Every structure is written in structure tokens, then in C-alpha cells.
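Every read-out reported here was derived from the displayed coordinates using simple, explicitly stated rules and does not represent laboratory data. This is a predicted model, so every value here is computed, not measured. In this analysis, Cβ positions are derived from the backbone assuming ideal geometry, glycine residues included, and neighbour counts consider all displayed protein chains.
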Amino acid sequence: MSVTGNIAAAPVQASEEMLRVRQRALLRHRIQRGFVYLLALALCLWVLAPIWFIASMALTTPATVRTFPKGVLPFIPFSFDTMQFFLTSQGIIPGLINSVVVALITLALSTVIAAPAGYAISRFLFPGRDFYRLSILAVRAFPVVILAIPLAVVFINVGIYDSVYSLALMHTALTLPTTILVIGSVFASIPYELEEAAQVYGCTPLQAFRSVVLPLVAPGIAASAIFTFVMSWNEVFAASILTVRNRTLPAQVLATLNQSSEPYQFAGAFFMMIPALIFIFLIRRYLFNMWGQISK
Amino acid sequence: MAAIRIENVTKKFGNFVAVDNVTLIVEDQEFMVLLGPSGCGKTTLLRAVAGLGMADSGRICIGDRDVTYLPPRKRGISMVFQSYAIFPHMNVYDNIAFGLKMNKFDKAEIDRRVREAAELLHIETMLDRYPSKLSGGQRQRVAVARAIAMKSQVLLMDEPLSNLDALLRLEMRAELKRLLAEIKATTIYVTHDQIEALSMGDRIAVMREGKILQCDHPTVVYDRPATDFVGGFIGNPPMNFLDAQVQRRDGAVEVAIGDFKLRPHPLMEPLLRGYDGKPIVIGIRAENMEALAAPADDALKVRVLVVEPLGAQNLLTVKIGANIVKVSTHPSFEVAPDQELWLRFPADKIRWVDRESGRVLYPELN
């Protein structure tokens, strides 16, 4: 008897009991699925509810912000007044400019240094490769809190204290380990055989890199660059200690937090959040790639 | 003219000797297959010829040029990689044109050659597609088209068919053979598939542990293996090996398999005389034994363990002493497991293997 014959005959032979067993299995399967969905929903709420609340407070009138109990959009009036109040507060626009400058310099420095380093650790077996990778991570394990004070002293002695450029150096040092590892994994996802093929078909190693590897890693490197930008944008501790007059936005907000009003705080929080949100939205596809899991 | 001369090439990875003092000459326009189990150094040797891993010592010449220290792009070679290595960010046309563009051919010539190569491989309708939209077999065709568009005098192929499914592999095998006969490039083809090697190669170099054991025409490698390893690696089923004992009786040489006495071929007698009283190994292919349903004086009685009907033949498994032996019989020969039958060993089909060295003994070589 053929196999298909067996399958076709099964429903006819199925007894009452078989049907009940099948239904029970199906029900159990559905309950399990429902449970997973419920858990996922709870996790989403856990993350999204505060963001929604902060956004609601930032995008309503200052008067509404001060009332109690507080509501959320769309149940409260929509207005840009709170944001406008925040952005026109003293030190915010200069802080914003400083933040962008620091983040851009960090992005540029970090990517320029990390790209070759990442290429090296993903492509070459050199003596001390494992130690090098570990030491990269070790930098990350060093708390900024311990690092920042001596660094401030050094910066003062060298005469580069309270400058966005020196802060950018600090941010580069902080972001480099992550950027190197991320870019390394981006390079690792490009088969070396592609480069070899390019070399066989007439490229020098450098040409092979430019015409084959670079176009393939460009999106990944762009993602890691934006990631670096956001890390610098959000960094507050080193920024607070290494600058006094030329504060970045988070440092400025933090410095005035105690004396500031509720609308100022909410608007500040929302404003700080925007780049991260845009970043995650733009590169969500590559985020998986970053952690070594290669998705097509 | 582009013969490939590999002279005394050695390549080590740390303490591991991947290619051990290999010398091999591939004639102009010859199709040479490097065959061996994984880790035997065949790919390493190919990469040394390609310039992708420099040889530690020795010399490699292509045509009359010494290319030992030249980078891949200056060796005048094309290569098909095992993973195809076609560029995912370029469409099929640009992939095939890549080497031509890099070598600064003019536009019209590039276009002509790309279309010609694509036509040869039946992918002319896919020129503007990207690799991610192609099947494995189509990608393979693109990789081959890219290689032949260069019209290099030397074509290197690293297990090009190993990633295809069985049916497609069969089809591509014949197609590649036709194609390569047409383009007349000197080809080195690496594979671990002995059937591929037998069916495609002008000559086969069988490698093991970094050394070439035998390099000869497929029929010779199949029929007259140089060592027991070659006999056991090539052929499906592999060559059978039987333990036997050489003894002299009344001046003549006789070989005993258990109680059964075998008369070797007269040409072998002088050689076997040196093995008097010593054990020897008999090698014989499954299709070279005659299975008889009735007893005969010169046939050995065996009991059938397994019968495998394979369509064109029935494959029998029998046990002779401690050795498991495969016998191929015609499908019309009726046999059942546990049945007794008699095997005859034609004297000219028996290969005599030195037990110590594993070398097969041939009278004319001594």
C-alpha cells in the first residue's frame, strides 16, 4: 500500500476518541500560543507605555502638564507649547549644537578607526588576536566614573578642558570597543572568497576591497555609525565632568534638572529620545546583524 | 600554450603539512582532476596554483612563466570557487563582466564576451537579475560563465558541483565536460567525488595526506590502482580486499584463501615467488568476479549475506574469511540471502597488494 493511500484513509478511520484527542491537542496549542502573545504584549507595554506618557506630556500645553492626575494623548489637548518653551530655554540651543558637533566628530573618528580594526580582527589570524579582542572589551568594562575624574585632571593640565573637541575624543574612546566589535561582525558576514575571486579576476587587494567588500558592508557600517552617534548623544556622565560652559544637551538638562519645571523635564526627556527612536526605526534590520546573527 | 608545471611544491599550516613536495605536470589543454578525501591537500594545491596561498617551497610555472611569486591577477587564470563567490551587489551581467572590466577590455568586446559566455551556459535571459534571485544551479552557471568569459588559458575549479543537488550535479557534469572540451583551456579540477573524477578527467591525480599517489588516465586509475588506498577510494563499490597466503607447491606458486587455492597469472609468478610463505592481499573489483550457481573446481564457495537490487545490477555482500566482499551480478542472476554460491576469480583481474606498503604489484614495474 502506498503512503498517500494511508494518509487519505486516515480521516475515514478516525474514531470519536481520536477526534477528541486531536481537538485537545489543538486547544493546548492555541492556549500556549495565546500565552506567548500575551507575554510579548506585556513586554511591549512595559517599554512603550513610559515613552507614550513622556511624548504625551511633551506634546501638550504646559498647563496640562502641571495638572494632576495626568492624562495621555489623545485625551489631552495637543500643542507644541511645551516643546517651544523647552527649546527656547537658556542653554538649550547651544547645548544642542554642542551635542551634534560632539556626536558627529565621535561618529567620524570612531568609524575611521574602527573600520580597519574590525576588518583586521574579522579577516586576519595574527598573534595576539584573541588578546586584542579581549582587551577591547576590557576597555568597555572600565567604569567611566573612575575614568572621568583623572581624565578631567589630565585635560586641565594639557589645556584641553571644557571643549567639545576633547569631549569628542572621550566619546570616541568610549564608543570604540562597541564599534570595533560591531563592524568586525559586519565584515565577518562577507565571505572572504568574494575578495579572493575579485583578486583572481584582476583586482589588487585594495581594489578588491573597494569594489566588492565596501559596497557590501556600507549599510552595516552606516548602521554602526548611527549607533555611535546615538551613544555619544546619550552620554551624560563624561560630558558633565569634562565640560563647564560648553555643555552638551544631556549635560545641560542634567545640570538644570533640580531647578527646572515639570514641562521642561518632560520636553527635555522627549527631545533626547527622538534620535534613538529614529535610529532604531531606521536600522532595526541591521540590529540583528550587529550581534553576529546574520540576516539576509 | 599553457601547460602547468608544479615542481616540488610544499605548503604547511603551522606544523601541518598540507601539500608535501608535490610535482605534477598538467599538459596544455588537458583536464586534470585532483581527487582525494577532505584534508588531503587538493584544494591547498589548487590555491597555490591560483596564487591565493603562496607555496612555502617549490616552483609553479604556467606556460613558460614562473608564477610562484606572482599575485593571482597576474597569473592569467580563471577560477570557479566552491561557494561560487559571485558578487551579491552586482547583477549577472556585471558579474560575468567583472574580470573583463578589471582587465580594461573595451565596452563592445566586454558585451560580446559576456553574451557569448551567458549563451554557452544558457543564462542569457537572466543577465539583469541579482544573485539573490537565482537558484543554486543558476548561480553556479554564473560563476562558470564569469570564468570562461575571461578566455584564460588556465581554468581552476574547486569542487564546483559539490553544492548542487544530485540530479542537477549529474546534468551539470555532462554540460561542463562538453563546455570545457569546447573552450580548450588547461583545467585543474578539484573534487572528492570519484565518479566526477572518472567521468570528466583526462587524467586523475589521486591525493592523500599531501602527496599524489597516482596520476594517470581514469581507466588506468580505476583498473590498475597504484595502491590499495586508490583502489579503495575509486569505484562504487570500492575495490575488495582479501587476505591470502602465498605458498609454493611443486615449483609453482599458489595462493590460499582459507582452504581455497588460487593459481595466479603466469606473469605474476616471478613476483609472487618472493612472497613464498608470506601473507598477501588480493584486490578485486565487484564486477570482475564471476558468480556461479553451481560448484566448480576453480571457484570459491561463499554464503550470501545481503542482496541489494540496484536496477542495472544486483550487489551481493558475502563474507570470505574475515573480509566483507561486494560482488556485482547481473539482475537476471537469481540469488537470495543465506544462499550459497561460487565465486571465480579471473587471474588477469586480480591485483596483488603488498601487505606492508599497500602498493599494488605489477610485473612490468619490476
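Miscellaneous remarks
- Debye log10 I(q)/I(0) for the range A:85-146, one point scatterer per Cα, at q = 0.23, 0.24, 0.25, 0.26 Å⁻¹: -1.00, -1.03, -1.05, -1.07
- Cβ crowding within 10 Å averaged over residues, with B:237-247, A:49-59 ranked highest first: B:237-247, A:49-59
- Computed label-point distance, nm, for sites A:A276 and A:F142 using a 7 Å Cα→Cβ extension: 2.5 nm
- Amide H partners (placed H, <5 Å) of B:R355, local residues excluded: B:V281
- Charge context of B:R224, other residues only, Cβ under 13 angstrom, K/R +1, D/E -1: -1
- Hydrodynamic radius by Kirkwood, which averages 1/r over all alpha carbon pairs of chain B, in angstrom: 23.1 Å
- Cross-link reach list, lysines versus B:K326, counting only Cα pairs under 16 Å and skipping chain neighbours closer than eight places: B:K301, B:K349
- The Cβ shell under 9 Å around B:L316 holds other residues with a net charge of 0, Lys and Arg each +1, Asp and Glu each -1.
- Taking amide H positions as modeled 1.01 Å from N, with prolines and chain starts lacking one, the residues under 5 Å from B:I320 and 5 or more places away or on another chain are B:V325.
- Cα pair count fraction exceeding 26 Å, expressed as % - the range B:155-304: 44 percent
- Each 10 Å bin from 0 upward holds the following percent of the Cα-Cα pairs of the range B:210-287: 17, 41, 32, 9, 0.
- Cα-based values for the range B:68-220, radius of gyration first and Dmax second, are 15.8, 48 Å.
- C-alpha long axis of helix B:92-102 to longest principal axis of chain B, angle in °: 80 degrees
- Candidates B:I320, B:I77, B:I282, ranked by Gaussian network fluctuation over chain B, Cα under 10 Å, top entry: B:I320
- Reference-scaled alpha-carbon Rg (2.2 N^0.38 Å with N residues) for the range B:80-137: 1.09
- Between helix B:107-120 and chain B: long-axis angle, C-alpha atoms, 0 to 90°, nearest 10: 30 degrees
- Highest GNM mean-square fluctuation among B:A48, B:A226, B:A299, for chain B modelled with Cα contacts below 10 Å: B:A299.
- Within a Gaussian network of chain B (alpha carbon springs, distance under 10 Å), most fluctuating of B:K107, B:K349, B:K184: B:K107
- Compactness of the protein assembly as shown - radius of gyration and Dmax, Cα, Å: 36.7, 123
- Percentage, to the nearest whole number, of Cα pairs in the range A:116-187 over 17 Å apart: 52 percent
- For B:Q339, the residues 5 or more places off, or on other chains, whose built amide H falls under 5 Å of its own are B:V304.
- Net charge of Cβ neighbours under 15 Å - reference B:K301; Lys, Arg +1; Asp, Glu -1: -2
- Across the range B:20-34, rounded Karplus estimates of 3J(HN,Hα) from the backbone phi angles (6.51 cos²θ - 1.76 cosθ + 1.60, θ = phi - 60°) give 10, 6, 8, 10, 8, 10, 9, 5, 4, 6, 8, 9, 9, 9, 9 Hz, Gly and Pro being marked x.
- Within the range B:168-185, backbone nitrogen closer than 12 Å to the virtual label 7 Å beyond the Cα of B:S199 toward Cβ: B:168-178
- Working note: Karplus 6.51/-1.76/1.60 with θ = phi - 60° gives the range B:279-296 the couplings x, 8, 10, 9, x, 8, 7, 4, 7, 9, 9, 9, 9, 10, 7, 10, x, 9 Hz, where Gly and Pro are set to x.
- Virtual spin-label span in nm between A:I160 and B:A181, 7 Å along Cα→Cβ: 7.1 nm
- Of the DSSP H helices in chain A, those whose Cα atoms cover at least 30 Å axially and whose Kyte score averages -1.0 or more: A:16-58, A:92-123, A:164-188, A:262-290
- Distance violations [Cα-Cα > 19 Å] among B:K107/B:K177; B:K107/B:K151; B:K11/B:K211; B:K101/B:K184: B:K107/B:K177; B:K101/B:K184
- Two-decimal ratio, chain A, of alpha-carbon radius of gyration to 2.2 N^0.38 Å: 1.41
- Over the range B:36-157, equivalent-ellipsoid semi-axes from the Cα gyration tensor in Å: 27, 18, 11
- The stretch between B:T10 and B:T23 holds 3.7 nm of extra length on full extension. This uses 0.36 nm per residue minus the Cα-Cα distance.
- Across the range A:219-271, the volume of the C-alpha convex hull divided among the residues equals 82 Å³ per residue.
- Cα extents of the range A:55-180 along the three principal axes, largest first (Å): 64, 37, 25
- Scoring A:184-191, A:273-280, B:162-169, B:66-73 by mean Cβ neighbours within 10 Å over their residues and listing the highest first yields A:184-191, B:66-73, A:273-280, B:162-169.
- Against chain B, whose longest principal axis comes from its Cα atoms, helix B:136-149 is set at around 70 degrees.
- Summarising the label geometry, the points placed 7 Å from Cα in the beta-carbon direction at B:K133 and B:H89 lie 1.9 nm from one another.
- Distance between the C-alpha centres of the range A:101-130 and the range B:289-341: 67 Å, rounded to the whole angstrom.
- Note on the range B:233-366: percent of Cα-Cα distances in each 10 Å bin, starting at 0 and stopping at the bin with the largest distance, equals 12, 44, 32, 12, 1.
- Remark: mean inter-chain Cβ contacts per residue of B:82-92 equal 4, using a 10 Å Cβ-Cβ cutoff to other protein chain atoms.
- Rounded to whole numbers, the Karplus 3J(HN,Hα) couplings from phi for the range B:61-72 are 10, 10, x, 9, 9, 7, 9, 3, 10, 8, x, x Hz, using 6.51 cos²θ - 1.76 cosθ + 1.60 with θ = phi - 60°, and x at Gly and Pro.
- Inter-part distance where the range B:135-162 and the range B:193-223 are each reduced to a Cα centre, Å: 21 Å
- Residue (of A:Q23, B:P237, A:T61) at the positive-pole extreme of the protein assembly as shown, dipole from beta-carbon charges: A:T61
- Computed over chain B, the per-residue total of -39500 (n - 2.57) for DSSP H runs of n ≥ 4 gives a 222 nm mean residue ellipticity of -7000 deg cm²/dmol, rounded to 500.
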